[in-house]
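Here the structure is laid out as structure tokens; the discussion comes afterwards.
Since every read-out is calculated from the coordinates, none of them should be taken as a lab result. On a predicted model such as this, the values are computed, not experimentally measured, just so you know. Ideal geometry is used to build each Cβ from the backbone, glycine not excepted, and the neighbour counts take in all protein chains shown.
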Amino acid sequence: MKGRFIAFEGGEGAGKSTQVRLLADVLRTRGVEVDVTREPGGTPGAEAIRSLLLDPPGKGWGAKAEALLFAAARADHVAERIRPAIAAGTWVICDRFVDSSRAYQGGAGGLGDEAITALHAFGSDNLRPDLTILLEADEDKVSRRLAERDGEASDAIGGRGPEYHREVAASFRRLAEADPEVFAIIDGNGDPNEVHSRVLKAIASLIPEST
Ligand code: TYD
């Protein structure tokens, strides 16, 4: 049997990594083989591209070069790790996937959705998750969480201004509302265990009771 592919999306500090971990734990206790991964990254090549993106040499990347680098990292990740895992019956849980490129580079970065989806069709044969969980958190809570987590040390993209990140959040919401079959919008505010229960509810139809 083929594995499932679940992506978590959302702005910075929305609690994605914690929720990825909690979901993976539950699935494993139900006997599901799980591969937890992230973007940009997930393979040696894609991790190398991640460093180029988050800590860019020189004056940084233009919008198009940035989108191409994300798409290149994803193409490697999909071909070398995600597709083989799914084919082997493993569930893949990915911290960010193509909808991050659609919201950041396509929306906030101004390249538009068509360009990003074209890159994804070329680079990754348009692989889409079975379900994308969009975690939304209030802006002031996120700022506090990020200050605790990163201090002054945000990366090249995380460090962009509040306007950019507001546009990212609005883009995610538009994408999710336009495609309710493949997105679940989850309130990411509150205790991580409460958020986890919401995630489990959204994903219930995909999860086996036990195997
Ligand atoms: P990540 O380290 O996962 O950030 P966070 O933990 O704050 O969620 O991701 C790195 C940054 O890359 C983050 O600012 C979002 C950005 N990003 C894009 O702009 N486009 C993409 O396609 C992806 C996958 C990430």
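Just for the range 5-203, what percent of DSSP beta bridges are antiparallel, to the closest 5? Intermediate values should be presented prior to the final figure.
Values: 0 of 18 bridges.
The antiparallel proportion sits near 0 percent.
For the range 5-203, what does the alpha-carbon gyration tensor say about shape, rounded, prolate or oblate, given a ≥ b ≥ c as the root eigenvalues, a/c under 1.5 as rounded, and a/b over b/c as prolate?
Verdict is rounded for the range 5-203.
Rounded to the nearest 500, what is the chain's calculated 222 nm mean residue ellipticity when only DSSP H runs of at least 4 contribute -39500 (n - 2.57) each, over all residues?
About -15000 deg cm²/dmol.
Just want the ordering: 146, 206, from fewest to most Cβ atoms lying within 10 Å of their own Cβ.
206, 146
Please list the radius of gyration and Dmax for the range 1-122, considering alpha-carbon atoms only, with Å as the unit.
According to the Cα coordinates of the range 1-122, Rg and Dmax are 14.9, 48 Å.
Summing Lys, Arg as +1 and Asp, Glu as -1, what charge do residues with Cβ under 13 Å from the Cβ of residue 113 carry, residue 113 excluded? All intermediate terms of the calculation are to be shown ahead of the outcome.
Numbers: positive: 102, 174; negative: 99, 114, 179.
Charge balance near residue 113 sits at -1.
Summing +1 for each Lys or Arg and -1 for each Asp or Glu, what net charge is found among the other residues whose Cβ lies under 12 Å from the Cβ of residue 90?
Once all neighbours under 12 Å are counted, the net charge is +3.
For residue 64, give me every one of the aspartates and glutamates with a C-alpha distance below 15 angstrom, ignoring sequence neighbours fewer than eight places off in its own chain.
Reachable aspartates and glutamates: 113, 114.
Using +1 at the Cβ of each Lys and Arg and -1 at the Cβ of each Asp and Glu in the chain, identify which of 192, 180, 77 lies farthest towards the dipole's positive end.
77
Averaging sequence separations of C-alpha pairs under 8 Å and six or more residues apart, then dividing by the length of the chain, give the relative contact order as a whole percent.
Reported relative contact order: 32 percent.
For 2, 16, what's the fewest-to-most ordering of other Cβ within 10 Å of each Cβ?
Arranged by neighbour count, lowest to highest, 2, 16 become 2, 16.
For the chain, give the magnitude of the charge dipole about the Cα centre (Cβ charges: +1 Lys/Arg, -1 Asp/Glu; no others), in debye to the nearest 20.
It comes to approximately 360 debye.
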